[in-house]
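Only one structure is covered here, and it is reproduced in the block below.
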Amino acid sequence: MSRFIDELKRTHRCGELRPSDIGREVVLFGWVAHRRDFGGCIFIDLRDRTGLAQIVFDPTYQVPAEVARMAGATGELAPQAALEASHRLAEQVRREWVLGIRGVVIHRGEGNVNPKLPTGEVEVRVVEAEVFNRAETPPFALEDSINTDEEVRLQYRYLDLRRAPLQRTLELRHRMNQATRAYLSQEGCLELETPVLCKYTPGGARNFLVPSRLSLGKFYALAESPQLFKQLFMVAGFDRYFQIVKCFRDEDLRLDRQPEFTQIDVELSFCNQDEVFALMEGLLFRIFEETGVADLRALYPEGRFPRMSFADSMDRFGNDKPDLRFGLELCDLTDLVIAENGGGIPLLQGVAEKFASGEYRREMPAAIVKALVIPAAAGFSRPQLEAFEKGLREIKGFAGLARAKVGEGGVWTQSPFAKHVTEAFRTAVHAALGAKEGDVVCFQVGKPAVVNAAMSKLRLDVGKAMKLIPEFGHGGVWKLLWVVNPPLFDYDDETGRYEPAHHAFTRPVDEHVPWLDSDPGRVLCYRYDLVLNGFEIGGGSIRLHDPEVQQKVFSVLGIEEAAAKQMFGFVLDALRSGAPPPGGIAIGMDRLAMLLSGAATLREVIPFPKTNQGVDMMSGAPVAIEARQLEELGIRSIVAEGGNETR
RNA sequence: GGGGUGGUAGUUAAGUCGGUUAUAACGCCGGCCUGUCACGCCGGAGGCCGCGGGUUCGAGUCCCGUCCACCCCGCCA
């Protein structure tokens, strides 16, 4: 039996105390953040999730008569005896011990106020105290700002989570969740649940598999998203659905990817793209508003986010998630190279000739030429410029970056192109790029995918180096946009086949449907991504509901009717049973939380995240399972104890 | 699968050209201290230098392998 739990009860949270509480008797519970022992007087910073309160143990303190008289105030000891006992207790106390204290709120006195704390004007004179629990010395300081290795922090995640920054982040997520539920519910969406244990379907992300004990030798897949089920809700007539849902993907991880993550999943019947956008724009306004992160309405007073075509985004930024917080746009010089027949530069002449001969098609080019101008104002040294190129080598297929410094009178220096380039071409390039003397022009020639990947990374690297964007976080700037109408299919060089760029149920742009037969690579679709500061925070599509077009899409993908039935049979059947035209979207809750909180990685906004290798440093999951237990599931492992394959 | 960075007291780091007993700060332990709030002062303990092998009279340092973490490419509709 604890007097503090059973009789006294907590009256305030530590971070709540203010001068208006002066004279009150309070009961606080919390953790010892700091202890400052002066022999006589002992100060302790008591911490809970709301903040710190300074509590003072002073054996000479005279307990005011009115406090001593308060109901239940004395306990078993006389007030003065309780005071002395609590001082002796405070001498033993160490950081992270868990205490309950009863005392009187007083003003700290002139000169003793700590302006750094919200509670800094007051302190609590302790009359009575109880140690709920001792604590081992933590392996790292539980302070707001630490630079302890993440590996250690993840191992003791429950301690890391005791720190204020992470507590604030998780509270932010709570508000995001609440705002989402309130808003979408108010917009007529029903919060409905979908299975986590699903049927495995090939294609897309790798699934985590779960063996079935009741059907030996068979497996469930953990849902990589509620995609198919949410469409079935539409078929069933639920009209508008949402869910804050965990998704699972067994793919390699990045700072913005975890094997299990949370989506705000939405699906609407009878909708077009504009309605999906409007609903999501409203959601984002609401989330920003209720988290107090920024006044998004002031930034987008028309109430909508800008839109950019996928083609434009690739053209100007080299990727499908442009970071609009800074300029440094890319410039496609392919047409100029063709017009100037390579401008005297042998490498470019080769490209121009292939276009001239018809070997390369301009609308689906096998090679492009792109440039980025690094302004003279950036003042990079030659080694710094070379470091940018080095950073691009990790991109598969990257063949090298050509540079030219614009010298006096526009002449190129420090460049392999300098001695070949014609003046006409140079002048035209400068005009196209807006390059001036002292600027450095970077070129890249090659396959569009490689050039775009490299140039988009170059743009970001240069932007960071020029301090146009911070290395991590948002820099207080919020640039949202929709990237719309990407190609319906990706062409796979290796298999020589088309694959769905999104999924097989995305609706093609109506005017492009005839190209499904003739030129599938050119077919664009009603897919959209929501991009915030260079991160894809959401994506979705308008779904195909025309069985004829669906059939054509399958045939482009080389999916026979039987195979389609095998893979998606229940969905195809459902779509023939009276399906409304639906569309939907999913917002990456973790990524959004990461950006809103200014966190550097997804791990900082997930309570118990996994490492890059998908390992939970705290529990050690995943772990090996005993052969006997596998036997029950009809499984035999071919991996030895140490983790190596045995054959 | 590939490329890069890192791994030294509990934590964060230093450790030169391979050379004596591996440093420092913080934390921890003991002592002193009644107005601190990163309290202060005095004293002390604390090391598988990630792990395994090799070179060498001698390895934290050089070589090979390996494990772990982080960042990136591939991959992730």
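Axis angle, to the nearest 10 degrees, between helix A:79-92 and the longest C-alpha principal axis of chain A: 50 degrees.
Across region A:478-485, rounded Karplus estimates of 3J(HN,Hα) from the backbone phi angles (6.51 cos²θ - 1.76 cosθ + 1.60, θ = phi - 60°) give 10, 10, 9, 7, 9, 9, 10, 6 Hz, Gly and Pro being marked x. Accessible surface computed residue by residue for region A:556-638, with neighbouring protein chains in place and a 1.4 Å probe, gives 51 Å² per residue. Taking Cα atoms, how many degrees apart are the long axis of helix A:164-186 and the longest axis of chain A, rounded to 10 and kept between 0 and 90? The answer is roughly 60 degrees.
Descending by average beta-carbon neighbour count within 10 Å, the peptides A:590-599, A:344-353, A:380-389 line up as A:590-599, A:344-353, A:380-389, the highest first. For A:PHE310, the shell of other residues with beta-carbons less than 10 Å away shows a net charge of -3, using +1 for Lys and Arg and -1 for Asp and Glu. For chain A, the longest principal axis of the alpha carbon atoms and the long axis of helix A:448-465 meet at an angle near 40°.
Calculated accessible area for region A:395-543 comes out at 43 Å² per residue, all protein chains present (probe 1.4 Å; ligands, DNA, RNA ignored).
Would you mind putting A:233-242, A:528-537, A:487-496 in packing order, based on average other-beta-carbon counts within 10 Å, highest first?
Numbers: A:233-242: 19.7, A:528-537: 22.1, A:487-496: 14.5.
Most protected by this proxy first, the peptides run A:528-537, A:233-242, A:487-496.
Averaged over its residues, region A:238-375 has an accessible area of 42 Å² per residue, based on protein heavy atoms and a 1.4 Å probe.
Computed from phi, the 3J(HN,Hα) profile of region A:420-433 under the Karplus parametrisation 6.51, -1.76, 1.60 (θ = phi - 60°) reads 9, 5, 7, 5, 4, 5, 4, 4, 5, 5, 4, 5, 5, 8 Hz, with x in place of Gly and Pro. Apolar share of the accessible surface for chain A: 50 percent from carbon plus sulfur atoms, 1.4 Å probe.
The values are calculated or read from the model by the stated rules, or taken from the named source; none is laboratory data. This one's a predicted model, so the numbers in the text were calculated from it and none came from an experiment. Methodologically, a virtual Cβ is constructed for each residue, glycine included, from the backbone with ideal geometry; neighbour enumeration extends over all protein chains shown. Calculation scope for accessible area: heavy atoms of the full protein, side chains included, ligands and nucleic acids excluded. Shrake-Rupley method; radii C 1.70, N 1.55, O 1.52, S 1.80 Å.
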